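The values are calculated or read from the model by the stated rules, or taken from the named source; none is laboratory data. What you see is a predicted model; the values in this text were computed from it and never measured. Cβ atoms come from the backbone with ideal geometry, glycine included; neighbour counts cover every protein chain shown.
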Amino acid sequence: MIRGINTGVKYMFFASFCFAIMGAFAKELSAYMDPLEVVFFRNVIGVIIVGLSFLKMPVKQVGGKPFLLFFRGFMGFMALVAFFYNIAHIPLADAMTFSRTSPMFTALLSFWFLKEKLVFKELVALLVGFAGVVFIMKPNGLSLDLTDVLGLISGVGAALAYTSVKELKKFYDTRMIVLSFMLTGTIGPILLIVFNDALNVDFLKATFIMPDLKMWIFIGGLGLSATVAQVFMTKAYGFSKAGVVGAVSYANIIFSLGIGLMMGDALPDALGACGIGLVILGGILVARAKD
C-alpha cells in the first residue's frame, strides 16, 4: 500500500507530522516562557541554519526590493506570533486550523493584488472554508475572543507573506526571502522584550526567561522539527503537483488533533469539529483548483 503512494505525498505527510510535532514543542515551551520568547528561539535556530548555507553556497540574486522583503518578514513574524500565542491558549488543533486558512486568504489576496482569476470551484471552496472558520470561532454577535482575532491574523499574515513571495522570487534567492522572515522573527522579540514596559498589548508582552536543561531540550526539538518539516515540504512540492501536495498538507490538522488530545486538550465540540472539517475541505478544494 505504502509503495503505491506518490513520493511527494509521502514527503508531505511526513512534513505535516513534523509541523504538528513543532506545535507540540511550542505548546510545552509555552508552559515555561511567554509565546514571544518561543518565537525568538524558533527563528534564531533557523537564522543559524540558513546563515551556514550561505557559506556553502553564495547568494545569487538581482535584489532591489528591500521594502517588499521587509514586508514579507514582518507579516510572517506577526503571523507566527499570533500562531504561537494561540498554541499556548487554545487546543493545538484549533490553532493549527486557524493557521491553515492561509491558502484561502492567499487565493483572495492573489485575486485582489496580483489580478489572478478566481474560478467557480475556488469561490465555492472559499465559502466552505470560511464557513468552517465561523463555526470554530462561534462569534457572539460582533464580539470575538482575542484568540479568534489572532487566529485570523495568523491566517491573513501568512497569506500576505506568501503572496509577497511570488513577487520576491523574481529578485531574491529563496534563502534570502526565508532569512528576511527569520531575522525579523529574531530581532522583533528582542526589541519587544527590551521595551516590554512600554507595551500594553497582551500577546506582544514578554519577560525573558533563561531556559533550563529541560527547556533547551524542548527548544532543540522545536528547531529540529520545524527545519525537517520545511525541508520535506519543499521536497514534496518538487515531486508532485502543487494541488495534490497542498491538499495533503491539511493532514497536519489531524495530526495536531491527535497530539493535542495526548497532551490534554479537550475534544472539540460538535460545532468546532464541523468547523475543522469544513476548513480542511475548503483548503483541499482550493489546493486542487490550482491544478
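Quick one: would you say LEU285 is in contact with an Asp or Glu (Cβ under 8 Å, 6 or more places away or on another chain) and either in a helix (DSSP H, G or I) or hydrophobic (A, V, I, L, M, F, W, C) (or both)?
Details: in contact with an Asp or Glu (Cβ under 8 Å, 6 or more places away or on another chain): yes; either in a helix (DSSP H, G or I) or hydrophobic (A, V, I, L, M, F, W, C) (or both): yes.
Answer is yes for this residue.
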Can you give me the ranges of the helices (runs of 4 or more DSSP H) entirely in segment 167-264 with at least 1 residues that are in contact with a helix residue (DSSP H, G or I) (Cβ under 7 Å, 6 or more places away or on another chain) and at pLDDT below 80? 213-239, 242-248
Given the condition surrounded by 20 or more Cβ atoms within 10 Å (Cβ to Cβ) and touching a Lys or Arg at 6+ places or on another chain (Cβ under 9 Å), answer yes or no: does some residue in segment 202-222 qualify? yes
Under 8 Å between Cβ atoms, which residue pairs at least 6 apart in sequence (or on different chains) link something in segment 225-236 that is within 15 Å of VAL50 (Cβ to Cβ) with a partner that is among the basic types (Lys, Arg) and part of a helix (DSSP H, G or I)? ALA226/ARG42
With the requirement that a residue be surrounded by fewer than 21 Cβ atoms within 10 Å (Cβ to Cβ) and either in contact with an Asp or Glu (Cβ under 9 Å, 6 or more places away or on another chain) or touching a residue at least 12 places away in the same chain (Cβ under 8 Å) (or both), what does segment 187-201 give you? ILE190, ILE193
How many residues does segment 11-57 contain that are basic (Lys, Arg) and in contact (Cβ under 8 Å) with a residue 12 or more places away in the chain? 2
So which residues in segment 51-70 are touching a helix residue (DSSP H, G or I) at 6+ places or on another chain (Cβ under 8 Å) and either acidic (Asp, Glu) or surrounded by fewer than 18 Cβ atoms within 10 Å (Cβ to Cβ) (or both), if there are any at all? GLY51, SER53, PHE54, VAL59, GLN61, LYS65, LEU68, PHE70
If I go through segment 117-131 residue by residue, how many of them are in contact with a Lys or Arg (Cβ under 9 Å, 6 or more places away or on another chain) and surrounded by fewer than 17 Cβ atoms within 10 Å (Cβ to Cβ)? 1
Is it the case that segment 65-77 has a residue that's free of Cβ contacts under 8 Å to residues at least 60 places away in the same chain and either touching a Cys at 6+ places or on another chain (Cβ under 8 Å) or not basic (Lys, Arg) (or both)? yes
In the list ILE153, ILE136, which residue meets the criterion of being outside any loop (DSSP other than H, G, I, E, B), buried (at least 19 other Cβ atoms within 10 Å of the Cβ) and over 13 Å from the mean Cα position of the chain (by Cα)? ILE136
